[in-house]
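The values are calculated or read from the model by the stated rules, or taken from the named source; none is laboratory data. This is a predicted model, so every value here is computed, not measured. Cβ placement follows ideal geometry from the backbone for every residue including glycine, while neighbour counts extend to all protein chains displayed. For the accessible areas, the whole protein counts, side chains as well, though only heavy atoms, and no ligand, DNA or RNA atoms are used. Shrake-Rupley method; radii C 1.70, N 1.55, O 1.52, S 1.80 Å.
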Amino acid sequence: MNIQDMLFEFLGGLGIFLFGLNFMGEGLQKAAGDNLRSILNTFTSTPLRSILAGAVVTILIQSSSATTVLTVGLVSAGFMSLRQAIGVIMGANIGTTITAFIIGIDIGSYALPIIAVGSFMIFFSKKAIIQNIGKIILGFGALFIGLELMGSGMAPLEDLPQFKELMIKFSDSPLLGVSVGTVLTLVVQSSSALIGILQEMFLHGTMTLNAALPILFGSNIGTTITAVLAALGTSIVAKRTAASHVIFNLVGTIIVMLLLNPFTSLIVIIADYLNLSPAMQIAFAHGLFNILNVFVQMWFINQIADFVTRIIPGEPEILSYDDTRLDQSLIQSAPTMALNQVKLEIEHMSEIVMDEVHTTYKYFENRDEKDFDKASKLEEITNEIDMKLTEYLMLISTTELPLKNSNEHTTLVEVTKYLERIGDHAVHILTNVKEGNILAKKSAKNSEASEFLFDEDVLRMFTLIEQNIKEAVESFITNNRELTNKVMEREKEINALEEQLRDKYIDLLNQGVGRPSDSIMFVDIVSSLERMSDHAVRIARHAEGSRYPFQSPDAPTIGVELKEPAN
């Protein structure tokens with residue numbers, strides 16, 4: 001076989017392999033539907049669950065890069081923290097090892113019948129699910145056709161002295177092997193493809209295990225390039241997620257390279273004990289490397305997150321609200337569970353609102369336009385959540401709810417509106433401060449007093465109200481009456497401070513101090529702050545059980561079961 005035939009056969013086989021891998025992943029993704037996003041969205045509450053979720057989703061779509069993209073989307077939408085995302089990425093590294101085990105199964109002689117079955121399912125069925133399963137099967141068969149062609153194309157290399165010398169260099173210089181693995185993965189944009197090539201070369205005796213392992217480890221570094229390229233020019237969260245991916249794989253490769261000889265010996269022992277084929281030896285090496293890497297680094301997720309946050313500073317941008325957790329199927333099948341889901345979303349909404357209020361406070365204090373833009377964006381998201389929750393609650397109201405759940409439904413509707421109104425008042429303050437800045441700049445041009453009236457007591461009022469909103473929501477979520485009492489006591493202090501500031505600004509206005517517009521704006525700002533606290537009190541009273549005049553202090557609230565009155 002001449003060089004041209006070898007090259008054509010290898011490249012053709014590589015193309016068919018990549019096609020099969022992509023086609024199989026596409027079929028798996030379509031068959032799974034929205035469940036992939038739901039898995040990542042829901043099952044990431046702890047590091048272990050994040051890792052398991054990442055592994056499951058990657059097994060389903062056969063692409064760790066696609067899992068990373070899904071993860072970045074959820075982080076950007078505010079539904080997953082960076083720490084949870086790192087866990088998912090770790091799990092994705094485990095999930096992607098399944099491909100190597102699939103390739104290691106010696107069923108190449110059945111590849112053509114497998115492709116035939118997949119093709120029949122695609123072309124002779126009108127059902128989408130059958131067609132998607134057909135894609136999975138056809139892609140699976142194409143993997144092995146591609147591998148056969150690649151192996152056949154590379155077989156003559158065994159007899160080339162130059163190639164034997166190159167393999168000796170890889171064996172003697174592991175760092176060279178790591179570099180080659182990184183570059184080759186970058187070129188073919190698939191670590192699975194490179195691992196398939198290594199399996200075929202090791203199977204045909206053109207490469208030793210000592211030469212293959214460093215290239216295998218290098219492929220783990222090369223596969224992060226996709227995430228890095230995808231993160232260029234995107235949000236800070238996307239950059240941090242990509243950086244976490246690079247750091248995780250790079251540290252893992254460094255660790256295993258320091259222990260290369262013991263690791264190689266371990267693979268040989270396992271291969272002898274289980275009587276593994278050469279292809280399966282590579283699969284086991286890949287799987288063991290990634291599992292050990294995750295086991296070592298999963299304890300340092302917080303440190304990795306802190307490190308990437310330091311090297312990529314800045315405030316993460318929240319892009320939009322993701323309502324996938326509002327499961328429509330629960331409305332008819334389990335409306336009480338749907339109400340509980342709304343309560344969880346209200347907790348998320350409160351975090352957005354509190355962030356908006358704090359950003360408004362920062363804008364009042366520093367007049368940084370970035371804070372104005374961020375607070376405005378958060379208000380858009382707050383309004384979107386309000387709309388989605390209201391629609392969902394309206395649908396729940398069409399079902400027959402027990403009295404207890406009917407009361408709970410009413411409470412959830414009201415609390416959602418209170419949070420939305422707190423956001424509205426924050427925007428009103430933003431507008432006043434912005435107008436004050438504009439007036440101050442105009443006054444400076446006209447050689448008038450340009451200092452925008454500023455008061456430390458307003459900052460103190462902001463702080464008290466932030467604390468009131470936080471504790472009001474917490475008292476509602478946990479039904480904590482002790483926190484409710486704190487909110488009520490703080491409300492008295494806020495009301496007294498509001499009257500004091502109002503009198504102060506009216507006195508300054510009467511004395512002619514500063515611009516009249518400044519005092520009027522500050523009275524308006526203080527009034528908005530006081531109304532925000534009023535809404536916080538209304539939220540807290542739901543925990544106390546005395547939101548309505550006709551309710552006694554012992555009336556049941558959310559999560560408290562109603563009892564029949566005694567006769």
Please work out how much accessible surface LYS127 shows to a 1.4 Å probe, ignoring ligands, DNA and RNA, in Å² rounded to 10.
140 Å²
Among SER350, VAL537, PRO402, whose Cα lies farthest out toward the positive end of the dipole of the stretch 328-543, if unit charges sit on the beta carbon of Lys, Arg (+1) and Asp, Glu (-1)?
PRO402
accessible surface per residue for the stretch 328-543, probe 1.4 Å, DNA/RNA/ligands not counted, whole Å² -> 46 Å²
Cβ-based net charge around SER244, under 15 Å, with every Lys or Arg adding one and every Asp or Glu removing one
+3
With all protein chains present, how much of the accessible area of the stretch 328-543 (probe radius 1.4 Å) comes from carbon and sulfur, to the nearest whole percent?
50 percent
Too-long pairs where the Cα-Cα distance tops 30 Å, listed order kept, from LYS135/LYS377; LYS239/LYS486; LYS434/LYS504
LYS135/LYS377; LYS239/LYS486
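Where does each of ILE215, ILE16, ILE114 land when they are ordered by accessible area, with a 1.4 Å probe and the largest first?
Details: ILE215 5, ILE16 60, ILE114 35 Å².
Accessible-area ranking of ILE215, ILE16, ILE114, largest first: ILE16, ILE114, ILE215.
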